[in-house]
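Only one structure is covered here, and it is reproduced in the block below.
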Amino acid sequence: MKKEKEVAQKVYYYKLLEENLKTLIAMKESEENKLKLIKNAIEILKKLDYTDCLIPITDSLFVKAKILDKEKFLINVGHNVLLEKNLKQSIEFLENSEKEVSTNLQRLEREINQLYITYKSLEFDIRKRSEEIKKESG
């Protein structure tokens, strides 16, 4: 009976690890999307030689606009605070954001790998102990 209780506790911990893995993987995907957006924005700003653009209203709705001043950009620095920056400063801001997101991605990948190793090890242990219990009771 003691072994069954031990296995039940391990199964509970296993399920918690599984949920944590799902959460970390979702966070990683979110950071990967952020990184793509940042890289795209950097490329757009570096090639900014046109005045017409599309401004997203929603994921599927855009409005045509004209860029009147290519040297004034508003950057959201958090809590709805906007700072005016020139083109060079805006690119630098995005490049710093890119480095930060890349660092976060690396950290998340390490955490996922470590958690996955623990998860698989626990899975193996649960199977082994379950087989032992079956042999003892059978």
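Scanning the range 38-53 for residues that are surrounded by 10 or more Cβ atoms within 10 Å (Cβ to Cβ) and either in contact (Cβ under 8 Å) with a residue 24 or more places away in the chain or assigned to a strand (DSSP E or B) (or both) returns Ile38, Lys39, Ala41, Ile42, Leu45, Lys46, Leu48, Cys53.
Checked against the criterion of being exposed (fewer than 12 other Cβ atoms within 10 Å of the Cβ) and farther than 30 Å from Ala8 by Cα, the candidates Leu94, Leu35, Leu68 yield just one match: Leu68. Can Arg110 be described as within 26 Å of Glu29 (Cβ to Cβ) and either polar (S, T, N, Q) or free of Cβ contacts under 8 Å to residues at least 12 places away in the same chain (or both)? In short, yes. All of (1) touching a residue at least 60 places away in the same chain (Cβ under 8 Å); (2) over 28 Å from Ser102 (Cα atoms) hold for Glu32 with one exception: (2). Does the range 55-78 contain any residue that is free of Cβ contacts under 8 Å to residues at least 60 places away in the same chain, in a helix (DSSP H, G or I), more than 30 Å from Met1 (Cα to Cα) and not acidic (Asp, Glu)? Checked against the condition, which is being free of Cβ contacts under 8 Å to residues at least 60 places away in the same chain, in a helix (DSSP H, G or I), more than 30 Å from Met1 (Cα to Cα) and not acidic (Asp, Glu), the range 55-78 yields no hits at all.
Just checking, does the range 41-60 include any residue being at pLDDT 95 or above and either farther than 30 Å from Ile25 by Cβ or under 26 Å from the mean Cα position of the chain (by Cα) (or both)? No, the conditions are met nowhere in the range 41-60.
Restricting Asn86, Asn113, Asn104 to those that are under 26 Å from Asp52 (Cα atoms) and among the polar types (S, T, N, Q) reduces the list to Asn86. Only residues that are farther than 22 Å from Lys128 by Cα and among the basic types (Lys, Arg): list them for the range 8-35, please. Scanning the range 8-35 gives Lys22, Lys28, Lys34. Within the range 16-29, the set of residues being loosely packed, with under 14 Cβ neighbours inside 10 Å and under 11 Å from the mean Cα position of the chain (by Cα) comprises Thr23, Ala26, Glu29. It is to be established whether one or more residues within the range 84-102 are closer than 30 Å to Glu19 by Cβ, in a helix (DSSP H, G or I) and more than 28 Å from the chain's Cα centre (by Cα). So far as the range 84-102 goes, no, none of its residues is closer than 30 Å to Glu19 by Cβ, in a helix (DSSP H, G or I) and more than 28 Å from the chain's Cα centre (by Cα).
The values are calculated or read from the model by the stated rules, or taken from the named source; none is laboratory data. The structure presented is a predicted model; accordingly, all values stated were derived computationally and were not measured. Quick reminder, even Gly has a Cβ in these numbers, built from the backbone with ideal geometry, and neighbours come from all protein chains shown.
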